[in-house]
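The values are calculated or read from the model by the stated rules, or taken from the named source; none is laboratory data. Everything numeric in this text was worked out from a predicted model, so none of it was measured. Glycine also receives a Cβ, built like all others from the backbone with ideal geometry; neighbour counts cover every protein chain displayed.
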Protein chains: 2
Amino acid sequence: MSKSSNGSLEVIQNVADNLRQARLQQGYSQEALATRAGISRRMLVNIEAGENNASIATVDKLASALGLAFSEMVRPAFPTRNESSLPLRIWQGEQADSHASLLESVVRPGMVLELWRWQLAAGDSYHAEADAPGCHEIIYLLSGVLEVRLPQQCHQLQAGQSLTFASDQLYSYHNPGTLPCAFTKNILMYPHG
Amino acid sequence: MSKSSNGSLEVIQNVADNLRQARLQQGYSQEALATRAGISRRMLVNIEAGENNASIATVDKLASALGLAFSEMVRPAFPTRNESSLPLRIWQGEQADSHASLLESVVRPGMVLELWRWQLAAGDSYHAEADAPGCHEIIYLLSGVLEVRLPQQCHQLQAGQSLTFASDQLYSYHNPGTLPCAFTKNILMYPHG
DNA sequence: CTGATTTGTGCATTATATTTCACAGACCCA
DNA sequence: TGGGTCTGTGAAATATAATGCACAAATCAG
């Protein structure tokens, strides 16, 4: 009776992690976000701590206030190896079959940087949704050929070239070549433009 | 506000629809599913009717009992974020004999990000001065082997590994292998730490 | 140092999700 | 006809989500 279904539940912990991460990324204080979402700060603290079991409506209010889809609040959070004073971290990447892996994530008061490693098989495409407003990406093509398609324009990159573009719009990657292509991708997000 | 946040909420209606559909498909009666999920039938009726606002834990119990992922119960909505555009730059990668080239540089209030491409011939070293206080670097090794030497420690990277370290101290790169090594390097600088 | 802001915690109160029980209508089958 | 299961609804009781307030610790600017 006492412990019914608390932090042990995976989904609840996901909500907690995603909530905190998104709130800090967008530069909201607890008070500010709670007001914006129309809930009490006390509740927000509890949810962020994974200490209770919010209702669907409450989670939805928070998601809306953060500009996220409900499902984005519930899915497993990113591994946030990040932050703090003297980071010395080594990260063994290379899970060969996945097309993308997160190498590093740096969270700072006004901004977030994520470093990704991508690869696309010959002919493959990836269609992305728009990132948060103000985001942009820096792509550096390691090998092969890559086409970056934006609503207005389309750019083809050769190995060794880099491209910077605003990612707060629909975009997609496409590998038009006959060999796999690999690239690194930096995502920059800042709440206040 | 007595019933404000009830059936009007899209997510709640999604849960209702998905729940009923999955339950009938799998041939459960309300009683059977409620028992299996460990909730009361009364609750299940309410949720299926979209008449209340269940907790995360309750929806999760139902999802598990039906063999569904939580996200499958809430069927994501479509956020339409767009607008805005930022620099679209493309950088023609030159490949000089120089060991390093600057691919991109992003300046924002409070921070600067530089993206570099480096390479070291076999046996070569590079000794750097300390960067400004608070700086750190993220290195991603593309090929070969690289040794990063810090005052306290020394790390050896294989291709595909990444390393994050504070660069506001003396450090040096060394290629201990018999082949050239190549890596990308992100430098993060914040005027205010 | 002071003062302002942010965050975490405890507690009493209110709102509501959740349970349990009871009953009624609908449907199928013998 | 009558007994069986399945379903929707109502109401009272209970558990707990959610609020509001007060306070302490940590952080940060002046």
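Key figures for this structure:
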| read-out | value |
| --- | --- |
| Residue match in the range B:19-26 (condition: at pLDDT 90 or above, part of a helix (DSSP H, G or I), near DNA strand D (Cβ under 10 Å from one of its atoms) and of a type in the set (A, V, I, L, M, F, W, C)) | no |
| Members of the range B:140-193 found to be within 26 Å of A:I139 (Cα to Cα) and aromatic (F, W, Y), listed by number | B:Y140, B:F165, B:Y173, B:F183, B:Y190 |
| Matching residues in the range A:28-60 - criterion: being part of a helix (DSSP H, G or I), acidic (D, E) and more than 22 Å from the chain's Cα centre (by Cα) | A:E31 |
| Hey, B:Y173 in a strand (DSSP E or B), surrounded by fewer than 20 Cβ atoms within 10 Å (Cβ to Cβ) and hydroxyl-bearing (S, T, Y) or not | no |
| Within the range A:27-46, considering residues that are within 7 Å of DNA strand D (Cβ to nearest atom) and touching a residue at least 12 places away in the same chain (Cβ under 8 Å), the one surrounded by the fewest Cβ atoms within 10 Å (Cβ to Cβ) | A:G38 |
| Matching entry among A:L115, A:L146, A:L163 (being without any contact (Cβ under 8 Å) to a residue 40 or more places away in the chain and under 16 Å from A:A100 (Cα atoms)) | A:L146 |
| Matching entry among A:V112, A:V148 (being crowded, with 20+ Cβ neighbours inside 10 Å and at pLDDT 85 or above) | A:V148 |
